[in-house]
Amino acid sequence: MDTVKEKVLKRIEESMDEAIELLADLVKAESVNPPGDTRKAVEVIERTAGTFTENVEIVSCDEAVPNINITLNPGGRPQLLYNGHLDTVPIGNEANWEVDPLGAVIKSNLMYGRGVADMKGGVAAMLMAAKALSVESVSLKGSLVLSFVGDEETGAAKGAGYLMEQGHYSPDMVVVGEITNDCGIAIAEKGINVYVLTTKGKTAHGSTPWVGVNAIDKMTKILYRLQTDLVPVLARRESGFLPPATMNIGTIQGGVSFNVVADSCEVVIDRRTLPNETVDGVTQEIQDVIDRVRKEDPEVEATLVRLAAASPFETSPDETICRLAQQTMKELGRPSDFVGYEQVCDGRIFSEKGIPTIIIGPGTAKKAHTPNENLELDQYMDAIKVYALLAMNAVGA
Ligand SMILES: [Zn+2]
């Protein structure tokens, strides 16, 4: 490893107190979504960014959901974008937390708090990496844009989607700092299709069910067939680095009272998709099951409506950013295998535009969105090194 890189890594180790303080300040800057107000978090970022650069831009289409972009060597090409989100999922039932969810409490090398892992840890690590490059005056030929956004947990229309549409950056490659279980290199991500499935019946008195058509009974038939005919097929369907496709019935509602024949029942289906599946194909698969049930029982009246879809993606392992990520991990003596990302993140926004996108971030995925969310501080410090070195490899002079 060359001396500039060694100096940067040393600087990062020496800035541990500052890095931990920044992360704590971010956790304390509540940004629960809904409502997804990112103003306090942006203030923390702006304050830190101001200590090492003047190229700080706050952009938003909703004043309560600001996004912040920080650029090193503006105008340089290629442009590497480090993307992270500032909003968090709700705290949930506070009684289930052992610590103050906004307290940034540290216990045995773990920092606790809502959003500390998903993904204020990734955000703070990217910012500390940029600071180390800047303080050590590392010369860049390309540019490094850090973009920290709101509205990720609920769709990205005001966050990364907005910035991309409005041309606030035009990256040649993207790294999203979401959790990849201690900075694994994720090059593929699942998509999500959300459906509302409704069955209609005919109401009647509960004592004379033969007079009506029970929409709950009809729904039961369809759900049973989805479980027996479709779920096992999905469980065998894999794609590259991702685990199998899945389907989950998230909610069910129907009927008005125990003594009335239900005339309506509705379920919401969460179908996680793979890069080798299409939106239309996935919809048709569910529709085929419904059609088969209807053939057996003509009284079944069901409609399937797609509420939302986010596309899956897979970046070729041959892309420059993938190779550079592997090189970086090897330089740091870390595992360099490619993995898949099982959740859904802002990565698709860039990937849909054909921009090579990967996901690398500190934290353990199963701790996200749960009470007592926490982040291993050594993973956090390692992530700063990963981001700093990767940026040097990708856009360094
Ligand atoms: Zn996230």
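The values are calculated or read from the model by the stated rules, or taken from the named source; none is laboratory data. Computed from a predicted structure; not experimentally measured. Heads up, the Cβs are rebuilt from the backbone with ideal geometry, glycines too, and the neighbour counts pull from every protein chain shown.
Is it the case that some residue within the range 215-237 is farther than 30 Å from residue 317 by Cβ, small (Gly, Ala, Ser) and in contact (Cβ under 8 Å) with a residue 12 or more places away in the chain?
Yes, that holds for at least one residue.
Looking at (1) in contact (Cβ under 8 Å) with a residue 40 or more places away in the chain; (2) assigned to a loop (DSSP other than H, G, I, E, B), find the lone condition where residue 354 falls short.
(1)
Residues are listed down the side, and each one gets a yes or a no for (1) touching a residue at least 12 places away in the same chain (Cβ under 8 Å); (2) within 18 Å of the chain's Cα centre (by Cα); (3) not assigned by TED's automatic domain parsing to the domain that holds residue 343; (4) not in a loop (DSSP other than H, G, I, E, B):
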position	(1), (2), (3), (4)
57	yes, no, no, yes
61	yes, no, no, no
65	yes, yes, no, no
98	yes, no, no, no
104	yes, no, no, no
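Residues 289, 256: which one is among the β-branched types (Val, Ile, Thr) and surrounded by 14 or more Cβ atoms within 10 Å (Cβ to Cβ)?
Just one listed residue meets the conditions, 289.
The conditions are (1) more than 30 Å from residue 100 (Cα to Cα); (2) in contact with a Phe, Trp or Tyr (Cβ under 7 Å, 6 or more places away or on another chain), and residue 349 fails exactly one of them. Which is it?
Just one mismatch for residue 349, condition (2).
Against the definition (assigned to a loop (DSSP other than H, G, I, E, B), at pLDDT 95 or above and either in the same structural domain as residue 9 (by TED's automatic domain parsing) or touching a Phe, Trp or Tyr at 6+ places or on another chain (Cβ under 6 Å) (or both)), how does residue 145 come out, yes or no?
No, not satisfied.
Quick check, is residue 361 within 16 Å of the ligand (Cβ to nearest atom), within 14 Å of the chain's Cα centre (by Cα), modelled with pLDDT of 95 or more and part of a loop (DSSP other than H, G, I, E, B)?
Spelling it out, residue 361 is indeed within 16 Å of the ligand (Cβ to nearest atom), within 14 Å of the chain's Cα centre (by Cα), modelled with pLDDT of 95 or more and part of a loop (DSSP other than H, G, I, E, B).
Here's a check for you: in the range 325-347, which residue that is within 16 Å of the ligand (Cβ to nearest atom) and buried (at least 22 other Cβ atoms within 10 Å of the Cβ) is farthest from residue 238 (Cα to Cα)?
346
Starting from the range 173-202, take each residue that is within 19 Å of residue 243 (Cα to Cα) and list its partners that are of a type in the set (Phe, Trp, Tyr) and within 15 Å of the ligand (Cβ to nearest atom), counting only C-beta distances under 8 angstrom and pairs at least six apart or across chains.
As it stands, the answer is 178/341; 180/341; 186/341; 188/341; 189/341; 190/341, since those pairs meet every condition given.
Does residue 89 satisfy being within 14 Å of the ligand (Cβ to nearest atom) and within 15 Å of residue 371 (Cα to Cα)?
When the stated conditions are applied, residue 89 passes them.
Quick one: residue 180 ticks every box in (1) out of contact with any strand residue (DSSP E or B) (no Cβ under 6 Å at 6 or more places or on another chain); (2) under 30 Å from residue 333 (Cα atoms) except a single one, so which number is it?
(1)
Under 8 Å between Cβ atoms, which residue pairs at least 6 apart in sequence (or on different chains) link something in the range 277-298 that is under 17 Å from residue 217 (Cβ atoms) with a partner that is of a type in the set (Ser, Thr, Tyr)?
No pair meets every condition.
Can you name the strands (runs of 3 or more DSSP E) wholly within the range 228-328 that have at least 2 residues being charged (D, E, K, R)?
Of the strands (runs of 3 or more DSSP E) lying wholly inside the range 228-328, those with at least 2 residues that are charged (D, E, K, R) span 264-273, 301-310.
What tally of residues in the range 364-381 results from selecting those that are assigned to a loop (DSSP other than H, G, I, E, B) and over 14 Å from the mean Cα position of the chain (by Cα)?
4
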